[in-house]
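Undergrad: One structure follows; several queries about it will come next.
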Amino acid sequence: MKLRTRWSALLLALALALSLTVSAAAEETDAAADPVETAINAAATYGGAVSIQYALWQDGQITDTGVSGVYSKTENRLLTTDILYGIGSVSKIYTTVAVMQLVEDGKVSLDAPVTRYLPDFKMADSRYKNITVRMLLNHSSGIMGTGLSGAVLFDDPDPSATDNLLESLSTQRLVADPGAYSVYCNDGFTLAELIVEAVSGMDFMDYVDREILDPLGLESTFAPGDDFDTSRLAKTYSGTSTEALPVDSLNAIGAGGLYATASDLAAFGGALTGSALLKESSLEAMAYPEYSRGIWPEDTLDSLAYGLGWDNVEWYPFCQSDITALAKGGDTLRYHAALVVLPEYDMAAAVVSSGGVSTYDQMAASQILIAALAQQGVTVDQTIPTLPETEPAALPAELKVYAGYYGTSSIQYRVDLADDGTLTLSCPTYPATVPTQTFTYSADGTFRDVSGLAYLSFVEEDNGEVYLYQKAMSPVPGLGGLPVSNYAAVKMPDNTVTPEVQAVWDEILTMNVLPMNEKYDSQIYLALGENTAEPSEPIPGYMGPDRIVDASTALFAVALPGIGGRDGMDYMREVRDGVTWLTVQGNLYMDAAGAPDLFTGSGWAYSTIQDNGYARWYHVGSAAGKAMTVQVPENAGFWVYDAAGQVTASSVLGDTGAVTLPEGGLVVFAGDAGARFHLRFTA
């Protein structure tokens, strides 16, 4: 449960557009096989999906739908096309449509400040006054990203995270000038959700039901807390476990909380090819290349090219045949989804999965559409672009200044440049996870990898930052190609601090930290043990992507467009009674060293949540090997971890009997203030 491990688990899980590659050892597909079946099976296999469902909408109706995998690993229940999945951030398109409807009604202006509609919106950074509604929808607000504390829960439709967002943002700063560049931002869409409520005078889902779902006759789209049979939700799992998890509840609905069938999702996408929901002018505005309003690489053949709501308005491979394709992916911690729309051909395809990866789902949706177009005699050019030929060349001396450290919000790199033109890209923070790569300088000014399929270069942008640019195309058997053309990382300027201050933050980077104000049924408790990457060498002057200011403050310092700069976090450190505490975007963490040993008394004990509501953490200590039975009060729960940080038992996951306490483990009790747990212990 190291600090950066916790962030890595959450960032990877919430990432809604991931640049992924498939091992070169992946098996080639049978060219004679059905392309739809091939694509669905490939997406499921590469992403490790438990189940996957797809649907194709054409000219006003669902023309094809299917499933693969199992509904449950243990139940004998058929996987059908009426099973629901969380669609994650594809929910952002519904939010965008709602905002655009209000724009058409003259009630909202895209270029008006957010404060016009949310007068209580304030931040600890005067630039917030310049954030417009458009910037929320094109990810250029400058807000750090994802304030989802208390939003990602198990079987709990608690709306507190959305209700408390304005209060949470009031103490935060911006990471960039509003409009400077687009970087993925969930909080922007929760603000857009609040605007819809403020302007319409309706609850967000009531608005979505009345103005979007009902007019389309969509009866299989819901949000946490809606009245529907939750057994229709596809079962989800942690790792290789065969025990199904409780219902996945992401309570930031406008940013990523909806459930739907693939058919409902495809039909919604299909409605965006005509005038059922929006005027043509609004649809064109959503499809405008909004990314181009700010800093962005010149070559846009990438998985991201933001519009309003859309992740990509120039989606490959359709762009190679002058076909407009609009794409949006979505991921919760357990569900993954994709929607691809072809407005000119009145087509939309949706792929949803339990487990898996949204990028593969998007690529599968593309293959479904390509197959449908082929039946109409329309060919899509799926040629994998190759890099221009070049020759090795001597390294210009002036490029040596670009050596140094480069960072994203979740990983840092070291770039070394040798006189012979070799660029070595290593990851000192996670050397066991990210292998070192070498590139060779070429006559065209790029550094080529050994395969000749990828290159790096350095770009000095108008904002004064130096970016490590990457370009590649990864063939993915059965799914086509995955283009990459983005700023992979930004140069981290030298930041000199004293050895004593550096040591403070180096210790925090590897510290075993415990969340203190997460709700008892938060999925974060499970995610803590699902990523085991261990940080290694720290970056001088930094704590991960944060620039060290002093022994009390480290500030997020990655000004990176796209996906790599998302979800920044400032760290505030203090010492309470000799124990280190951290405040991170309103979340509280305590050094595990401050947790006492579990008291077993003469066979029974109590643990009570104090008035501050903080979770009660304990080291198992001498109680190891004993069986613990817990009487759990209302609105409360417990989690047990082994020495490796893996969850071994939890009342939230259904463990209500005696639990054997592991050697070197931890136990946490969480719940409402005043909740009292009665504990019994037997040898």
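The values are calculated or read from the model by the stated rules, or taken from the named source; none is laboratory data. In this text the structure is predicted, and so the values were computed from the model without any measurement. We place every Cβ from the backbone using ideal geometry, glycine too, and count neighbours over all the protein chains shown. Calculation scope for accessible area: heavy atoms of the full protein, side chains included, ligands and nucleic acids excluded. Shrake-Rupley method; radii C 1.70, N 1.55, O 1.52, S 1.80 Å.
Undergrad: Give the residues of the stretch 453-510 that are among the polar types (S, T, N, Q) and touching a residue at least 40 places away in the same chain (Cβ under 8 Å), sorted by residue number.
TA: Scanning the stretch 453-510 gives ASN463, SER474, SER485, ASN486, ASN495, THR496, GLN502, THR510.
Undergrad: Same structure, new question: Can you name the residue in the stretch 411-443 that is of a type in the set (A, V, I, L, M, F, W, C) and at pLDDT 95 or above and is also farthest from ALA454 (Cα to Cα) among such residues?
TA: Among them, the one singled out is ALA418.
Undergrad: For the structure I just gave you, tell me whether ASP299 is of a type in the set (D, E, K, R) and surrounded by fewer than 21 Cβ atoms within 10 Å (Cβ to Cβ).
TA: It is true that ASP299 is of a type in the set (D, E, K, R) and surrounded by fewer than 21 Cβ atoms within 10 Å (Cβ to Cβ).
Undergrad: Between GLY645, GLY621, GLY613, GLY594, which is among the small types (Gly, Ala, Ser) and at pLDDT below 95?
TA: Residue meeting the stated conditions: GLY645.
Undergrad: Considering only the stretch 217-261, state which residues are of a type in the set (A, V, I, L, M, F, W, C) and either under 21 Å from LYS73 (Cβ atoms) or open to solvent by 50 Å² or more (accessible area, probe 1.4 Å) (or both).
TA: Selection gives LEU233, ALA234, ALA244, LEU245, VAL247.
Undergrad: Let me ask something else about it. For the stretch 398-432, give me the residue count where each residue is open to solvent by 80 Å² or more (accessible area, probe 1.4 Å), without any contact (Cβ under 8 Å) to a residue 60 or more places away in the chain and aliphatic (A, V, I, L, M).
TA: Result for the stretch 398-432: 1.
Undergrad: Sticking with this one: THR146 - would you say it is outside any loop (DSSP other than H, G, I, E, B) and among the β-branched types (Val, Ile, Thr)?
TA: no
Undergrad: Now a separate question. Identify, by number, the condition in (1) closer than 28 Å to ILE52 by Cα; (2) open to solvent by 30 Å² or more (accessible area, probe 1.4 Å); (3) touching a strand residue (DSSP E or B) at 6+ places or on another chain (Cβ under 6 Å) that CYS319 doesn't meet.
TA: Every listed condition holds for CYS319 apart from (3).
Undergrad: Next up: If you go through the stretch 199-231, how many residues are among the aromatic types (Phe, Trp, Tyr) and either touching an Asp or Glu at 6+ places or on another chain (Cβ under 8 Å) or over 24 Å from VAL152 (Cβ atoms) (or both)?
TA: Result for the stretch 199-231: 2.
Undergrad: Further question on the same structure: Would you tally the residues in the stretch 112-127 being assigned to a loop (DSSP other than H, G, I, E, B) and in contact (Cβ under 8 Å) with a residue 40 or more places away in the chain?
TA: Number satisfying all stated conditions: 8.
Undergrad: I need the helices (runs of 4 or more DSSP H) fully contained in the stretch 157-232, keeping only those with at least 1 residues that are of a type in the set (Asp, Glu), closer than 25 Å to ASN587 by Cα and without any contact (Cβ under 8 Å) to a residue 40 or more places away in the chain.
TA: Filter on the stretch 157-232 gives 160-163, 165-169.
Undergrad: Step by step: first the residues of the stretch 141-160, then only those that are of a type in the set (A, V, I, L, M) and modelled with pLDDT under 95, then the one that is farthest from ARG127 (Cα to Cα). Which residue is that?
TA: The residue in question is ALA151.
Undergrad: Go through (1) among the aliphatic types (A, V, I, L, M); (2) at pLDDT 95 or above; (3) out of contact with any helix residue (DSSP H, G or I) (no Cβ under 7 Å at 6 or more places or on another chain) one by one and return the number of the condition LEU479 breaks.
TA: Here LEU479 clears every test but (3).
Undergrad: Could you tell me how many of the residues in the stretch 569-592 are open to solvent by 40 Å² or more (accessible area, probe 1.4 Å) and more than 20 Å from ALA161 (Cα to Cα)?
TA: Qualifying residue count for the region: 7.
Undergrad: What about ALA554, is it under 30 Å from GLN610 (Cβ atoms), open to solvent by less than 10 Å² (accessible area, probe 1.4 Å), of a type in the set (Gly, Ala, Ser) and in contact with a Lys or Arg (Cβ under 8 Å, 6 or more places away or on another chain)?
TA: Yes.
Undergrad: Then there is this: Looking at the stretch 76-97, which of the residues that are among the aliphatic types (A, V, I, L, M) and open to solvent by 10 Å² or more (accessible area, probe 1.4 Å) is nearest to PRO224 (Cα to Cα)?
TA: Top of the filtered list is LEU79.
Undergrad: Only one of these is open to solvent by 10 Å² or more (accessible area, probe 1.4 Å), among the small types (Gly, Ala, Ser) and touching a residue at least 40 places away in the same chain (Cβ under 8 Å): GLY355, GLY377, GLY329, GLY309. Name it.
TA: One residue alone meets the criteria, GLY355.
Undergrad: Could you grab me the full set of residues in the stretch 485-503 that are of a type in the set (A, V, I, L, M, F, W, C) and touching a strand residue (DSSP E or B) at 6+ places or on another chain (Cβ under 7 Å)?
TA: ALA488, ALA489, VAL490, MET492, VAL497, VAL501
Undergrad: Can you tell me which residue among ILE384, ILE411 is closer than 15 Å to LEU482 by Cβ and either touching a helix residue (DSSP H, G or I) at 6+ places or on another chain (Cβ under 7 Å) or not basic (Lys, Arg) (or both)?
TA: Among ILE384, ILE411, only ILE384 is closer than 15 Å to LEU482 by Cβ and either touching a helix residue (DSSP H, G or I) at 6+ places or on another chain (Cβ under 7 Å) or not basic (Lys, Arg) (or both).
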